[in-house]
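J.: Mind having a look at this structure? Questions to follow.
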Amino acid sequence: MIRCLAIDDEPLALGQLVSYINKVPFLQLAAQCQSALEARKFLENDTVDAIFCDINMPDLNGMDFVKSLAVPPLIVFTTAYSEYAVEGFKVNAVDYLLKPFGLQDLQRAANRIKDRLTESVAAARPATDSDDSLFLKTDYRIVKVSIPDIRYVEAMSEYLKVWIEGEAKPIITLLSMKKMEEHLPNNFMRIHRSYIINLNKIQEVNKNRVIMDSDTYLPIGDLYKDAFQAYLDTKFLGK
């Protein structure tokens, strides 16, 4: 999960921003603040991976607030004034959302944050480290699993079923969905409280179901519909 901070001095705008953040499965709202000063106080005792920050605020504007941070997290600026865009990118902002923006716009910014963090983690790993496999404990064995071969992951109480391409039976392991999500790349998405799918393995999307093969129909949960639709919109060709 990517911990983020939402800052906006307008209550309605802040509420909308928080609502969008809560609809992105891999974002976790750490706090919401109505001023940069309130946000600065929060950051004295806590840390976040990213900040969604309004620019035009009283006392201390968002741009100056970000510049004042010794080690700023990833920044997405939100504002109704387009003239701030160039200045925003001068401080290496990940994205710039012009109000009024929608969920799809915020999803795009969230994906950029996720990509940037993934790149940072990869750069920090030793060159010998490989991202294409996992080791899972099942029964009394520890098995190596090729990540590209994972079709989908299914939650089952405290256990997970990891369904592998070409295998009739899943690997069953004692693990949380959150922990699994943290170790899967961007081509995996949670579409339901009980399912994480490999987007490359989808055969069809039919109403509120993802069809992985002729025998596997997975439901799309209400909490994840918007994020999944935003993904489809980036891939859809047609009217």
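J.: Let's test this: bin the Cα-Cα distances of region 133-234 at 10 Å from zero up to the farthest pair and state each bin's percent.
T.: 14, 52, 29, 5, 0
J.: In a Gaussian network model over the chain where Cα atoms closer than 10 Å are linked, find which of 196, 171, 220 has the largest mean-square fluctuation.
T.: Greatest mean-square fluctuation among the candidates belongs to 171.
J.: How would 209, 193, 116, 141 rank on accessible area, largest to smallest, probe 1.4 Å?
T.: The most accessible residue leads, giving 193, 141, 209, 116.
J.: Sticking with this one: Quote to one decimal, in nm, the extra length available between residue 204 and residue 159 on full extension: 0.36 nm per residue of separation minus the C-alpha distance between them.
T.: 13.5 nm
J.: Then there is this: Report the charge-dipole magnitude of region 2-122 in Debye, nearest 20, computed about the Cα centre from +1 at each Lys and Arg Cβ and -1 at each Asp and Glu Cβ.
T.: I would put it at about 360 debye.
J.: Which value, in debye to the nearest 20, gives the size of the charge dipole of the chain about its Cα centre, when Lys and Arg are +1 and Asp and Glu are -1 at the Cβ?
T.: Around 600 debye, computed over the chain.
J.: When the Cα centres of region 152-225 and region 24-85 are compared, how far apart do they sit, in Å?
T.: Cα centres, region 152-225 to region 24-85: 34 Å.
J.: Using a 1.4 angstrom probe on heavy atoms only, work out the carbon and sulfur share of the accessible area of region 2-122 in %. Let's see the in-between values first.
T.: Working: 2940 of 5870 Å².
Its accessible area is 50 percent carbon and sulfur atoms.
J.: Could you give the size of the charge dipole of region 133-234 about its Cα centre, using +1 on the Cβ of each K and R and -1 on the Cβ of each D and E, expressed in debye and rounded to the nearest 20?
T.: Details: 14 positive and 14 negative charges, 49 e Å.
Computed charge dipole of region 133-234: roughly 240 debye.
J.: Between residue 98 and residue 47, what is the spin-label point distance in nm, taking each point 7 Å from the Cα along the Cα→C-beta axis?
T.: 3.6
J.: Sticking with this structure for a sec: Provide the three semi-axes, in whole Å and in decreasing order, of the ellipsoid equivalent to the chain as defined by the square roots of 5 times the Cα gyration tensor eigenvalues.
T.: One finds semi-axes of 36, 21, 16 Å for the chain.
J.: Here's something else I'd like to know. Does region 2-122 come out rounded, prolate or oblate, given a ≥ b ≥ c as the square roots of the eigenvalues of its C-alpha gyration tensor, rounded meaning a/c under 1.5 and, failing that, prolate meaning a/b above b/c?
T.: rounded
J.: What range in the chain is the longest one free of chymotrypsin sites (Phe, Trp or Tyr not before Pro) that are in a loop by DSSP and have at most 10 other Cβ atoms within 10 angstrom? Spell out each step's value before the answer.
T.: Working: sites that count: 81, 140, 236.
Between the exposed loop sites, the longest stretch runs 141-235.
J.: Please identify, among 97, 106, 134, the residue showing maximal mean-square fluctuation in a Gaussian network model of the chain using a 10 angstrom Cα cutoff.
T.: 134
J.: Then there's this: Going down the table (114/137; 114/178; 144/201; 169/235; 114/235; 144/169), which pairs top 24 Å between alpha carbons?
T.: With Cα atoms farther than 24 Å apart: 114/137; 169/235.
J.: Now for a different question. Just the accessible area per residue of region 133-234, please: how many Å² with a 1.4 Å probe? It would help to have the intermediate numbers written out before the result.
T.: Details: 6060 Å² over 102 residues.
Per-residue value: 59 Å².
J.: Same structure again: Could you name the aspartates and glutamates in cross-link range of residue 179, using Cα to Cα under 16 Å and dropping any fewer than eight places away on the same chain?
T.: 131, 154, 158
J.: While we're on this one: Comparing 64, 105, 226, which has the greatest mean-square fluctuation in the GNM of the chain with Cα pairs linked when under 10 Å apart?
T.: 64
J.: Which is farthest toward the positive dipole end of the chain among 5, 19, 224, measuring Cα position about the Cα centre, with Cβ charges +1 (Lys, Arg) and -1 (Asp, Glu)?
T.: Farthest along the dipole direction, towards plus: 224.
The values are calculated or read from the model by the stated rules, or taken from the named source; none is laboratory data. Here the structure is a predicted model, which means the values were calculated and not measured. Note that we place each Cβ from the backbone using ideal geometry, even for glycine, and neighbour counts take in every protein chain shown. Just so you know, the surface numbers come from the protein's heavy atoms only, side chains and all, with ligands and any DNA or RNA stripped out. Shrake-Rupley method; radii C 1.70, N 1.55, O 1.52, S 1.80 Å.
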